[in-house]
Each structure stands twice: as C-alpha cells, then as structure tokens.
1. Take the residues in segment 95-148 that are β-branched (Val, Ile, Thr) and closer than 14 Å to Val187 by Cα, then tell me which one is modelled with the lowest pLDDT.
2. When you check Arg62 against the structure, is it within 30 Å of Arg158 (Cβ to Cβ) and either surrounded by fewer than 10 Cβ atoms within 10 Å (Cβ to Cβ) or at pLDDT 95 or above (or both), yes or no?
3. Answer yes or no as to whether Ala23 is among the small types (Gly, Ala, Ser), over 30 Å from Phe6 (Cα atoms) and without any contact (Cβ under 8 Å) to a residue 24 or more places away in the chain.
4. Considering each of Lys182, Lys152 in turn, give the residue that is at pLDDT 80 or above and more than 19 Å from Ile103 (Cβ to Cβ).
Amino acid sequence: MEKTSFIKKLYNVTTKDYTYTIAFFFIFSFFIFYVIKPNLLSVFETNAKIKQLEKTNILYERQIDKIIEIQSVFERNREDFLILDEAIGSKPEVNKLLSDVAISSGESTLAVERIDIFDINLKEKVKEEKLKSFVINMDLTGTFEDTVFYIKKIYGQRRLKLIPDLELVKDRIETSPSASLKIKLKVEGYHL
C-alpha cells in the first residue's frame, strides 16, 4: 500500500507542476552545455580573432603607407640618383679621384710634393653592401689663400670626398707677407 500511496502523492497536481519544471531545467541545462556554450565560445573566439586581425590590418596599412611614401620620394628624386651614382661609385676608381685632385691642384698654385694612397682593396673576396673608403695623403706647398681655394675646389666636385685631416705649417725660410706653407692633407674617397 505504501507504494501505491507514494505513487499517488507523486502524481498529484503540485508535483506535476514541479515535474515539468525539473524536466525543463534538465533539458535547458542540456542545451546550455551542449548547444549554446559552444556557440558562445565560438562567438568570443571570433571576436578575439577579429580584434587581432584589425591590429594586423592597421600594422599592414602603416607598412603600405611607408612603402608608398618611399616610392614617392624615389619618384621625386629619380633624376638625382645619377648624381648620387657619380658621387659614390661602385668601384674605388682611384684614377678618377686622383684626376679630381690633380685638376684642383692645377687650378690653384699649390705645388704637389708627394701623394700616398692607403687603405684600398681593389680585389674583394666578399662583396658587402656598405660604404667603404680609401685615403690619399698629400704633401703640398703654397699660400693659405691657395689652400682654401684648393679645398673649395675639391668639395665642389661631384665625387664625394672628405678632408678629415689638414695640417698647415709655416715655412721657416720665407719671410714675405704671403709666406709659403707646408700643407699635409688627408683626402678620403668613398665607394660601395
């Protein structure tokens, strides 16, 4: 009897209301864990990927803007690259640099006493894409005005040259106002 009375109590009206609620809760829990949760996780992962792609897109846009800017600078200065090619040659071309130095000394009244060339490598084993230099040491004689004119002439030529060292020594024998100077000059030439 107890069993039948228990079953009757189980099927009365109030328990039937709870049975539907409990069954709804179990079915709803099943949908939450197995249907809705994976969809929500995929939505959150997709949002995270979208944010990451937006950051990557901004980075790529900046890089593209830089490339466009470099290309526009290249287009504006295309004609000047020939001058740059003349200024810094692909080979040492010591003969051209010596020719420039000789032309400059010929136009001034400086007398060339000695020329030495240092730090030059005409045959390289490994070709590096960096600026290389070589040095020409010169001993000259002349006046200060001629020296200034000579330096201006050297800097005025198309081939890139620097004068890192310049030493002027007064000749002890001369006593005239435009005394002769002993000039030690170091000219540095560049190539790629």
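1. First, the residues of segment 95-148 that are β-branched (Val, Ile, Thr): 101, 103, 109, 112, 115, 117, 120, 126, 135-136, 141, 143, 147-148.
Checking which are closer than 14 Å to Val187 by Cα leaves us with 101, 112, 115, 117, 120, 135-136, 147.
Values: Val101: 75, Val112: 78, Ile115: 79, Ile117: 77, Ile120: 65, Val135: 78, Ile136: 80, Thr147: 83.
Residue satisfying both the conditions and the ranking: Ile120.
2. Working: within 30 Å of Arg158 (Cβ to Cβ): no; either surrounded by fewer than 10 Cβ atoms within 10 Å (Cβ to Cβ) or at pLDDT 95 or above (or both): yes.
Here the answer is no, as Arg62 does not meet what is asked.
3. Details: among the small types (Gly, Ala, Ser): yes; over 30 Å from Phe6 (Cα atoms): no; without any contact (Cβ under 8 Å) to a residue 24 or more places away in the chain: yes.
Taking the combined requirement at face value, the residue does not satisfy it.
4. Numbers: Lys152 fails: more than 19 Å from Ile103 (Cβ to Cβ).
Selected residue: Lys182, the only one of Lys182, Lys152 that is at pLDDT 80 or above and more than 19 Å from Ile103 (Cβ to Cβ).
The values are calculated or read from the model by the stated rules, or taken from the named source; none is laboratory data. All values derive from a computational prediction rather than experimental measurement. Please note: Cβ atoms are built from the backbone with ideal geometry, for glycine as well, and neighbour counts cover all protein chains shown.
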